[in-house]
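Working notes for the structure below.
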Amino acid sequence: MKCPHKSHVALVDGERFLFLRNDGQIFEPRLTMLDQPELEKTNFSAGVRNQDDAGQRGGNTDLNELAHGAAAAEWLNAQVLSGDIEQLTVIADPKTLGEMRRHYHKELESRIVGELAKDLSGEPIPAVEKALANA
């Protein structure tokens, strides 16, 4: 996957959000940790869609995780609208990525250069770089 030089990378799951920058080349990323934003989980709008009994009993739906994904998208929206993000790659587990997409602002959508639906938030940075390079 192309990850342009100096572009940003959001590494998200249902609990963590790491914000990185690619200081490497487009096909050989070298990620530098920038921040681990503090997110306020206030958007539980996913709860309306995910209140079915089967999902709750099977443990397939964790509203706190979905709210974290929504909060990450809202934080990214604010960064894009303030001009702090020009290009962005989003890496998130499939459930979180799906929730984040529901909250993308049109301007954020236009700045996303790639998405990787994979749970890499617990992996060391070199493993994330390798996954990006091989995607």
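Each value in this text was obtained by applying a stated rule to the coordinates, not by laboratory testing. Since the structure is predicted, the reported quantities are computational estimates derived from the model, not experimental observations. Neighbour counts are summed over all protein chains in view; Cβ atoms, including those assigned to glycine, are modelled from backbone coordinates with ideal geometry.
State which stretch of the chain is the longest one without any exposed chymotrypsin sites (Phe, Trp or Tyr not before Pro), exposure meaning a DSSP loop state and at most 13 other Cβ atoms within 10 Å.
On the way: sites that count: F27, F44.
With a cap of 13 other Cβ atoms within 10 Å, the longest stretch comes to 45-135.
Let me check the size of the range 58-135 from its C-alpha atoms; what are the radius of gyration and Dmax in Å?
According to the Cα coordinates of the range 58-135, Rg and Dmax are 13.1, 41 Å.
Rounded to the nearest 10 degrees, what's the angle between the helix 63-81 long axis and the longest principal axis of the chain, both from Cα atoms, 0 to 90?
Roughly 40 degrees, rounded to the nearest 10.
Hey, if you put +1 on the Cβ of every Lys and Arg and -1 on every Asp and Glu Cβ in the chain, which of L120, L34, T89 ends up farthest toward the positive end of that dipole?
Value computed over the given set: T89.
Rg and Dmax in Å for the chain, alpha carbons only: what are they?
Using the Cα atoms of the chain, the pair Rg, Dmax is 14.7, 47 Å.
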